[in-house]
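The values are calculated or read from the model by the stated rules, or taken from the named source; none is laboratory data. The structure presented is a predicted model; accordingly, all values stated were derived computationally and were not measured. So basically every Cβ, Gly included, is an ideal-geometry build from the backbone, and we count neighbours across all protein chains shown. Accessible surface is based on the protein model in full, side chains and every heavy atom, while ligands, DNA and RNA are left aside. Shrake-Rupley method; radii C 1.70, N 1.55, O 1.52, S 1.80 Å.
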Amino acid sequence: MSRSASSVFQSLQGFFAVYKPPGVHWKLVRDNVETNLLKELNSLETPPPRQLIRFQPVAAEGTDGVELTRVATAVPALADVLVKGAPYTSLKIGAGHRLDARSSGVFVLGIGRGNRLLTDMYNSHCTRDYTVCGSFGTATDDFSDTGRIIEKTTYGHVTRDKLERILAVIQGSNRKALLTHSHIDLKSQEAYELAVAGQLRPMVKSPPIILGMRCLDFSPPDFTLEIQCMHETQQYLRKVIHEIGLELRSSAVCTKVRRTRDGSFTVDCALLHTHWDLYSIRQAVKESRGRAADLIRRKIENLDRLQPAERDTESPSNEDGEELRM
């Protein structure tokens, strides 16, 4: 690994994924990553101080005794030696699709020029996977198990078959919404090819769409779902658990939301808290270069599909309606 701070800083330009633990705000995750990188960057080798030519007085023996003459001498620039301070005081780190404080999982960050990749990632309308856990028998005011309890119900009549039938109904209604917001002629050859490849997606901002749901575990009152979706928020997923309970003539609260995939980033490539260091992040950015190339290619394909008016309406904001930090 190169020990030059400037070369290491240039190699950090890109994006990567970390694993956000539950109970931690996403801003704290971003700030911790920035603090760790700054600390290690400033500990690396820095360029030597500039050398300035100064005419220094030098005593020399002359015919009339000691004489002072000026000799050209190279001296270090005092600004580089005394008052320069730390070479790096801040990094331009941006956050991709955010996770709220109660959620955990894959969280993508960008450094420097990597912020543009975050914008491309947003505009590519990529899908995300979640593991969502719920519990029957209780309803709360915020759809989570930590909210204020507003109702308690029985759940003995709920079976796995009934749950899976409700999941199939939800998928069917969302499939219709997917076709509606795709803005593509469903009778065209392009629509057929995209549908066969499973790449039929809305190319503009749309309401949350669930592309797939399946039950991973059913142990009443607890159950676990795997959900593939786009344009969602974590609160929307908690509300889905609440509505599933209502459809089953019971009630349900969400106990955990965990993102397992964000676009091409999965849990396997997300850095744990113990690896939020310069070496690990530098390696993660390097490994993500292939994802960046695919993202740019997908961006070009999406722009070709959009009408000119739709291209103008696209804006790099996240799922909370806020602009991505650049």
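Structure notes:
- Scope segment 153-176; condition among the β-branched types (Val, Ile, Thr) and under 17 Å from Val240 (Cα atoms); matching residues: Val158, Ile166, Val169, Ile170
- Leu237 meets all of the listed conditions (1) among the aliphatic types (A, V, I, L, M); (2) modelled with pLDDT under 90; (3) out of contact with any helix residue (DSSP H, G or I) (no Cβ under 9 Å at 6 or more places or on another chain) but one, namely (2).
- Counting only strands (runs of 3 or more DSSP E) that fall entirely inside segment 99-171 and contain at least 2 residues that are among the hydroxyl-bearing types (Ser, Thr, Tyr), the qualifying elements are 128-136, 138-140.
- Of the residues Leu44, Leu12, the single one that is in contact with a strand residue (DSSP E or B) (Cβ under 6 Å, 6 or more places away or on another chain) and modelled with pLDDT under 95 is Leu12.
- Filter result (open to solvent by 10 Å² or more (accessible area, probe 1.4 Å) and either free of Cβ contacts under 8 Å to residues at least 60 places away in the same chain or among the small types (Gly, Ala, Ser) (or both)) within segment 105-115: Gly112
- Some residue of segment 276-292 being at pLDDT 95 or above, farther than 19 Å from Asp120 by Cβ, of a type in the set (Gly, Ala, Ser) and not in a helix (DSSP H, G or I): no
- Asp120 among the acidic types (Asp, Glu), under 30 Å from Lys20 (Cβ atoms), in contact with a helix residue (DSSP H, G or I) (Cβ under 7 Å, 6 or more places away or on another chain) and at pLDDT 90 or above: no
- Per the listing Thr159, Thr131, Thr73, the residue uniquely modelled with pLDDT of 85 or more and more than 22 Å from Val29 (Cβ to Cβ) is Thr159.
- Tally of residues being part of a helix (DSSP H, G or I), of a type in the set (Val, Ile, Thr) and within 16 Å of the chain's Cα centre (by Cα) across segment 241-275: 1
- Of all residues in segment 249-287, those satisfying the criterion of being touching a Lys or Arg at 6+ places or on another chain (Cβ under 8 Å) and open to solvent by 30 Å² or more (accessible area, probe 1.4 Å) are Arg261, Ser264, Val267.
- For segment 172-207, filtered to residues that are assigned to a loop (DSSP other than H, G, I, E, B), open to solvent by 50 Å² or more (accessible area, probe 1.4 Å) and not polar (S, T, N, Q), the residue that is modelled with the highest pLDDT is Pro207.
- The condition of being open to solvent by less than 50 Å² (accessible area, probe 1.4 Å) and either out of contact with any helix residue (DSSP H, G or I) (no Cβ under 7 Å at 6 or more places or on another chain) or under 21 Å from Gln13 (Cβ atoms) (or both) holds for only one of Asp100, Asp161, Asp142, that being Asp142.
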